[in-house]
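The structure under discussion appears below in the form of structure tokens.
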Amino acid sequence: KCREQLDDAPAENLKVLVLITDGLPTNNRADRPKGNCNICKGETISEANIAKDNDITLISVGVGSVSFDQDFLKEIASDDSSYIAVTDYDDLNMKIDDVNRQANVCLDDSPKQDPTVCSTDECGVCNGPGKITCCDGTKVCDAIDCPASKPLSVCIALDESGSVCSIGQPNQCAQLADWNGQANNQCDYVNNCPSFNNITKDFTKTLIQGLDAVSDNSEFSIVTFGRHAAVDAALSPANVALDTVDELVYSGGWTNTQAAITKCREQLDDAPAENLKVLVLITDGLPTNNRA
């Protein structure tokens, strides 16, 4: 069935068949099941060879069981590196990187390197945000363990003024689009202004994810401010706010904090009456622009 599906794949695509099984085949084409079935093995090897002859990479993932046969699973795999063994089904997720490496090939056939090992958070999640803080202050890995929280309307104002990207003394740093990746002794253009594009954005996304996990019907607005303030996302579900944060383009310039507060206040004025209204202001300094 898999081979027939892959026969219809576009010619330029890499075709991969991943077989996850805990033992030997016990049924044949004639639909006559048998515990020790040599015909079944022969038919399986034949099908595997046809698939491999059709340029299909066959990855066999063998899960340890009473009927586990490593030699058989190696034989039907494309090569020894395409056979992956796991101790039991609980261990299956630990081998996902091995499967990905076999199925993920660079377009220019660059040699494969050992994958970078991700750091796991305190809940065991790869590059995860860590434990969620509940409304009562306890920290848990699963929001279901939290007591119910009030519904939230949150406006987050992000400072993207020049000082955020400055090196040493505050500067305007308003030319990231033109200078990105280039050395500059006043602004961190060479690293794409990481204080905003990495640290501020990551903090904001973690905040949104954490609050959304513990509060039903939560909504978020994103406001950015430099010389002026702008509403980048009106009160919306978390996924919209997260996408908005990813797409923010750093502006530089002066710091109009009061305009950001005004924009957020206007957003929160439209929040449902029963929602807890919260304004989060993320800034690195004093305001430097006025209403005029």
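The values are calculated or read from the model by the stated rules, or taken from the named source; none is laboratory data. None of these values were measured; they are calculated from a predicted model. Don't worry about glycine lacking a Cβ; one is built from the backbone with ideal geometry, like all the others, and counts go over all protein chains shown. Keep in mind that these areas ignore ligands, DNA and RNA; they rest on the heavy atoms of the full protein, side chains included. Shrake-Rupley method; radii C 1.70, N 1.55, O 1.52, S 1.80 Å.
For this structure, a couple of remarks:
- Between residue 75 and residue 178, the distance separating the two model label sites (each 7 Å from Cα on the Cα→Cβ line) works out to 6.9 nm.
- Extreme residue, positive dipole direction of the chain, given options 78, 210, 222 (C-beta unit charges): 222
- Ranked by the mean number of other Cβ atoms within 10 Å of their residues, highest first, the peptides 242-253, 45-56 come out as 242-253, 45-56.
- What separates the Cα centres of the range 246-278 and the range 7-73 is a distance of 57 Å.
- Size of charge dipole - the range 110-221 - debye, nearest 20, with Cβ of Lys, Arg +1 and Asp, Glu -1, no other charges: 140
- Computed from the Cβ-Cβ distance with R0 of 35 Å, the FRET efficiency linking residue 274 to residue 104 stands at 0.15.
- With all protein chains kept in place, the per residue accessible area of the chain amounts to 60 square angstrom at a probe of 1.4 angstrom.
- Residue among 75, 266, 122 with the largest mean-square fluctuation in a Gaussian network model of the chain, springs linking Cα atoms under 10 Å: 75
- Under 28 Å of direct C-alpha separation, and excluding same-chain neighbours fewer than eight residues apart, residue 34 reaches these lysines: 1, 52, 74.
- Compactness of the range 144-292, taken as the C-alpha radius of gyration over 2.2 N^0.38 Å, stands at 1.09.
- Applying 1/(1 + (r/R0)^6) with r as the Cβ-Cβ distance of residue 89 and residue 236 and R0 = 45 angstrom yields a FRET efficiency of 0.70.
- Candidate cross-link partners of residue 131 among the lysines, defined by an alpha-carbon separation under 23 Å and a same-chain spacing of 8 or more, comprise 139, 150, 201, 205.
- Surface share of carbon and sulfur [accessible, 1.4 angstrom probe, percent] for the chain: 48
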